[in-house]
Amino acid sequence: MSAMTRQGVAKLLARQGILVAFVLFMVVFAIANQRFLAIDNISGVIRSSAILGVMALGVTFVVIGGNLDLSVGSMMSFSTIVVLDLHDKLGPTLAIPAMFGLTLLLGAFIGVLVGYLKLNSLIVTLGMLSAIHGLTLTWSGGKNMDIADKEATWFSVFGQGDIVGIPVPILIFALLAGALSLVLGRTPFGRKVYAVGGNGVAATFSGVPRARVVFFTYLISAFCVATAGLIQASRSLGSQNTVGQGMELEVLAAVILGGASLLGGSGTVFKTVIGVLILGFIQNGLLLVGLEFYAQYIVTWIIIILAVWLDIAAKRGRLWSSIA
Amino acid sequence: MNNDIPILRLEGIVKTFPGVRALDGVSFNVLPGEVHALMGENGAGKSTLMKVLGGIHQPDEGRILIAEEPVVMTSPIQAKAKGVVFIHQELSLADELSVAENIFLGELPRKTFGRVDWTRLYAETDAILKTLNVGFNARTRVGDLSIANQQMVEIARALTVDPRAVIFDEPTASLTDAEKVVLFDVIADLKTRGVGIIYISHRMEEIFKITDRISVLRDGEYRGTLVTAETDEDKVTQAMIGRSLDLTRSPLQHEMGDIALEVRGLECGALYQDVSFSVRKGEVVGFYGLVGAGRTEIAETIFGLRAPSAGKILINGQEVRIGSPIEAIRLGISLVPEDRKGQGLVLGMNCRDNMTLPQVDDMTAGPFLANGAEVAIFDQYRDKLDIRTPGWRQQVGNLSGGNQQKIVIGKWLSMHPEVLIVDEPTRGIDVGSKSEIHNLIRELAAQGYAVIVISSEMPEVLHVSDRIVAMHNGRITREFTSDEVTEDSLIQAISGIASDKVA
């Protein structure tokens, strides 16, 4: 093969690699299993992706702002356990705002550490992953949390309800995606998130309050996590302490798949939604072709590596390089 | 060694970059056992010449001869192998490693199975250190050494080969007087060993103390070689800046208004002390000095990026406290920073978004950004500043340096500031755009802005300023009006030579 064509292929793979891979996956799955493209399967994939998707929306803000959030999975467990516990103690009408308040407090704490104290976000949120898990276990005493009377509560509407035939989790995901898309793409705050992530020093030199912007990205992330926790709790009306375990990586995979750069400054809410769906369909497809559920952990890792690699390859214009 | 055969000879070196003739026929030679000074203003071509000598750039024309043998060097490693070694101004040492490891980095002596031969490493290092007469040994951690001693490590690194020519680039920039004495001893020792030395420095007193001959570059051209013992500072200065210099002030003359910005006794730790000056509306005040003289730090203090340790800042006669860039912007202060790509622009964002960034909070209709208002501002300043871009959607990173700088200037003009601080406005910008930006600065002053221009380029400062503040080592050494300033007196003021020496 001539150097020119090889370069052309490399360039195409580097630019549209994710899409190319996605199309290949879809074709293979559709041939392997007829059920893959059935309406109920597609709606099932979207529905089961909703919780992950809602969390990915918030992490999109954090990543575009130039930081990471690895605490979302653990934080989602916290929200779920807290709202289930308070449901029986305070009743759903008070439990939901109380849970949101507590989760936002956790987000604000991370926001202060990363935004105002300028601590490395990887370390802070990795630490919080563990710390929040401890908090959750302390809250629950290590036991599973269940709602006492599962038939009598209206609380199940967020996870199990339908409105005009559309599952509520999908509705929440869509509405939140729409709203946050407007915030990121059309408001001064959104513009500042891009500026801070694109070049924090230049943003400071332009009078953008960098610390405050970073703080709010974590608050938005926490809000999304609380929403995800609400859906999760409402869907199952009972939960283990580890319900969100490992989701931080899947969320990150979805955000990167969507094309947000880990260096910050690029990405959109819409692209993240696409990333969430790609991840959902790939996982579902692998199940349908008979891959064991546990293999998904490995698949998620492969997808992250692939996405990060292609992101870097697109930037340097070559798939690999021996020099930095 | 025969003193008549030059150890290093350059013949008609030409190096061009797109749009710039950085070196235009440079020829000179260095004799064994000679200290040869290379002088010239910032941008005269010294560093390009050194990169050619070091194998980083290839000359377009001309030859390099070592002991009259033509050589081609395509990498710093090759240059070193041929005996041409550099002592860089900026130290490139690994703090956490020992002196020995730093000196032999990349070429550590080995035993079988790739194990490092520590005994030999330390022995060889100590042998080199002994010739330098230093107070530390091979096992000392580099991070624990003073800057001067770290420089000695750099020199020791150069001595691992048998050097024929050693090039010192501003070696005394961060040394105390006592440390300089040690450095000069080392240079004297290298001399007696017959090594040819190129010594680059702005400091006249050093040049006259230790060098044998002086070669001068100006605008990439070789302006001749002087024998140090037969010349004086004035002659060297004259060769450096020449008479062809365009000293005529821009024809735009205009009335000045009240004092817009006044600074009294401002101090920021060790960075600068006792700085007082004022800028009137319609006036351009130039700040001239060597890199590290404290000029940028003053600008950053006024813009709220540094907290002063003493002194006052007054805007329109009112004392103000400026705790952040946000407050500075609110007070009508704008800063076009020194590092355009690092501090001035978000390269991945488009032209319009960069330009409206400081006022993005006011660009709204309801909760959302008003697209029309933003584009209107961009269009206005694109036309006003003649910014050449295919459209506002263009990523700023794709524009030329001159157009990028205009985006930064447009960003601040659209805020209608009272005080505009411009730090190194034409760094890395081609000649044509340079004069455009100079004219723009004069026009802005004519429109009533109070402008501060910080520059390391003398022609630039002389051309645009109504008044020039000279700085040396964190202090203002002298203030000149544009009528009284001369190149000699300005050079002396920034070198820290007492101003009463000026005729």
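The values are calculated or read from the model by the stated rules, or taken from the named source; none is laboratory data. What you see is a predicted model; the values in this text were computed from it and never measured. Reconstructed Cβ throughout: ideal geometry from the backbone, glycine too, with neighbour counts over all protein chains shown. Side chains are part of the model used for accessible areas, which takes the heavy atoms of the whole protein and leaves out ligands, DNA and RNA. Shrake-Rupley method; radii C 1.70, N 1.55, O 1.52, S 1.80 Å.
Worth a mention:
- Pairs of alpha carbons in segment A:105-227 separated by more than 24 Å make up 48% of all such pairs.
- For the protein assembly as shown, the carbon plus sulfur part of the accessible surface works out to 57%, probe radius 1.4 Å.
- The residues of chain A expose on average 45 square angstrom of accessible surface per residue, using a 1.4 Å probe on protein heavy atoms.
- Helix B:371-385 and the long axis of chain B differ in direction by around 60°, with both axes built from C-alpha atoms.
- In the protein assembly as shown, the DSSP-assigned H stretches of four residues or longer account for a calculated mean residue ellipticity at 222 nm of -15000 deg cm²/dmol, using -39500 (n - 2.57) per stretch and the full residue count as denominator.
- Estimated D of segment B:339-416 in µm² per second, where Rh is the Kirkwood radius over Cα pairs and Stokes-Einstein applies at 10 °C, 1.306 mPa s: 129 µm²/s
- What the Cα atoms of segment B:8-241 give is an Rg and a Dmax of 18.2, 61 Å.
- Magnitude of the charge dipole, segment B:339-416, Cβ model with Lys/Arg +1 and Asp/Glu -1, debye to 20: 300 debye
- Oblate is the label for chain A, because the ratio a/c of its alpha-carbon gyration tensor axes (a ≥ b ≥ c) is 1.5 or higher and a/b is not greater than b/c.
- Helical segments meeting 24 Å axial Cα length and Kyte-Doolittle -1.0 threshold in chain A (DSSP H): A:3-32, A:39-64, A:72-90, A:92-111, A:121-140, A:168-186, A:210-236, A:269-288, A:295-316
- When accessible surface is computed with a 1.4 Å probe, chains B and A are found to bury approximately 1900 Å² between them, both chains counted.
- Per residue, the accessible area of chain B comes to 43 Å², computed with a 1.4 Å probe over protein heavy atoms only.
- For segment A:250-324, the list of chymotrypsin sites (Phe, Trp or Tyr not before Pro) that fall in a loop by DSSP and count at most 16 other C-beta atoms within 10 angstrom reads A:F293, A:Y294, A:W320.
- Spatially proximal aspartates and glutamates relative to A:K192 (Cα-Cα < 18 Å; intrachain offsets below 8 disregarded): B:E327, B:D353, B:D361, B:D362, B:E374
- About the Cα centre, charge dipole magnitude for segment B:157-226 (Lys/Arg +1, Asp/Glu -1 at Cβ), debye: 220 debye
- When Rg and the Kirkwood Rh are both derived from Cα coordinates, the Rg/Rh ratio for the protein assembly as shown amounts to 1.04.
- The alpha-carbon of B:K130 sits under 13 angstrom from the alpha-carbons of these aspartates and glutamates, leaving out residues fewer than 8 places away in its chain: B:D189.
- Fraction of antiparallel bridges per DSSP, the protein assembly as shown only, in percent to nearest 5: 55 percent
- For segment B:294-371: rounded, prolate or oblate by the Cα gyration tensor [a/c cutoff 1.5]: oblate
- Cross-link partners of B:K46 among lysines (Cα-Cα below 20 Å; sequence separation of 8 or more within a chain): B:K15, B:K80, B:K235
- The angle separating the long axis of helix B:177-192 from the principal Cα axis of greatest extent in chain B is about 40 degrees.
- Global form of segment B:109-149, assessed from the alpha-carbon gyration tensor, a/c cut-off 1.5: oblate
- Charge-dipole axis of segment B:339-416 as Lys and Arg at +1 and Asp and Glu at -1 on Cβ define it, positive-most pick from B:N371, B:Q404, B:M415: B:Q404
- For chain B, the longest principal axis of the Cα atoms and the long axis of helix B:118-132 meet at an angle of about 80 degrees.
- Label-point separation, A:F25 to A:Q245 (7 Å along Cα→Cβ), nm: 2.5 nm
- Overall, segment B:8-241 carries a charge dipole of about 720 debye about its Cα centre when +1 sits on the Cβ of Lys and Arg and -1 on the Cβ of Asp and Glu, all other atoms neutral.
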